[in-house]
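A.B. asks: Here it is, the structure in full.
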Amino acid sequence: MAVNRAEQRAATRQALLAEGRRRFAADGYHQVVLAEVARAAGVTKGAAYHHFDSKAGLFRAVVAEVQQELGERVATAAERYEDLWEQLRSGCRAFLAAGTDPAVRQILLVDAPTVLGWDEWRALDEKSSTRHLSEALTALAEARIIADQPVEPLARLLSGAMNEAALWIARGGDPQATEQALDRLLAGLHTPA
């Protein structure tokens, strides 16, 4: 059966994303050469530029893909529980555990803030991580599991702390100690029963 042009374009794009992701995670953004990504993906340099315009364009697409997958990983971990508090704890733990994933560490935590710039990186983070965290905190406040308070600053504080902790773990920090610190931090939010 013949592959139509749309399927071929999609396959080319996916091959470039996969190879770009592999190289960005292993080598870091600044060491990756788009022509080498294209060659390893089995396509021409022109095809790479057609799909992504530049190395930065490919990186931006890889960041979005990794960010989406991380959001799904966190949501899946949280959805294992019906209890809202356990959903928050499990989602936060899954986010911290992602710091050991080379793609998350290098692409999202190390390179994305500098390559994309702080504002664009934060916008991508807000589309998934911060939004999910805000939703979870809103549900907890409405259920009176945490004190009724403005959720936006709390979500940003926790998001920043989680990003820093994940990066610390990625650079060799103690995951178990970080998880214990997270539990103590979150316990401070929990209202007495």
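The values are calculated or read from the model by the stated rules, or taken from the named source; none is laboratory data. What you see is a predicted model; the values in this text were computed from it and never measured. Counting neighbours? That spans all protein chains shown, and the Cβs are built from the backbone with ideal geometry, glycine included. When the accessible area is computed, the model is the full protein with side chains, heavy atoms only, and any ligands, DNA or RNA have been set aside. Shrake-Rupley method; radii C 1.70, N 1.55, O 1.52, S 1.80 Å.
A.B. asks: If you roll a 1.4 Å probe over the chain with all protein chains in place, what percent of the accessible area is carbon or sulfur?
C.D. replies: Using a 1.4 Å probe with all protein chains present, the chain comes out at 53 percent carbon and sulfur.
A.B. asks: Using 7 Å Cα-to-Cβ label points, what is the S54/A35 separation (nm, one decimal)?
C.D. replies: Modelled inter-label distance: 1.8 nm.
A.B. asks: Okay, next question. Counting only heavy atoms of protein chains, what accessible area per residue, in Å², does the chain have with a probe of 1.4 Å?
C.D. replies: Solvent-accessible surface per residue comes out at 55 Å².
A.B. asks: What spacing in nm lies between the two simple spin-label points modelled at A181 and R144, each 7 Å away from Cα in the Cβ direction?
C.D. replies: 3.4 nm
A.B. asks: Starting from the Cα gyration tensor of the stretch 92-133, take the square roots of the eigenvalues, sort them a ≥ b ≥ c, and report rounded, prolate or oblate (rounded when a/c is under 1.5, otherwise prolate if a/b is larger than b/c, else oblate).
C.D. replies: oblate
A.B. asks: Can I get the semi-axes of the chain's equivalent ellipsoid? Compute them from the C-alpha gyration tensor as square roots of 5 times the eigenvalues, in angstrom, largest first.
C.D. replies: 36, 17, 14
A.B. asks: Could you work out how much longer the chain between E79 and E126 gets when fully extended? Use 0.36 nm per residue separation minus the Cα distance between them, nm to one decimal.
C.D. replies: Residue separation times 0.36 nm, minus the Cα-Cα distance, leaves 14.9 nm.
A.B. asks: Then there's this: Please label the shape of the stretch 42-118 as rounded, prolate or oblate, based on the square roots a ≥ b ≥ c of the eigenvalues of the alpha-carbon gyration tensor (a/c under 1.5 means rounded; beyond that, a/b larger than b/c means prolate, else oblate).
C.D. replies: Prolate.
A.B. asks: Right, another one. From zero up to wherever the largest Cα-Cα distance of the stretch 50-92 sits, split into 5 Å bins and tell me the percent of pairs in each.
C.D. replies: 6, 24, 16, 14, 11, 9, 9, 7, 4, 1
A.B. asks: Would you calculate, for the chain, the mean residue ellipticity at 222 nm contributed by helices, counting each DSSP H stretch of 4 or more residues as -39,500 (n - 2.57) and dividing by all residues, to the nearest 500?
C.D. replies: -22000 deg cm²/dmol
A.B. asks: So if I place +1 on the C-beta of Lys and Arg and -1 on the C-beta of Asp and Glu, and nothing else carries charge, what would the dipole magnitude of the stretch 53-193 be about its Cα centre? I want it in debye, nearest 20.
C.D. replies: Value, rounded to 20: 260 debye.
A.B. asks: Quick query: amide H of I146 versus all other amide H atoms, modeled in the peptide plane; which residues come in under 5 Å with a sequence gap of 5 or more or a different chain?
C.D. replies: Amide H neighbours of I146, under 5 Å, 5+ apart: A141, T191.
A.B. asks: Using only the alpha-carbon atoms, what does the stretch 91-193 span along each of its principal axes? Please give whole angstrom values in decreasing order.
C.D. replies: 43, 30, 15
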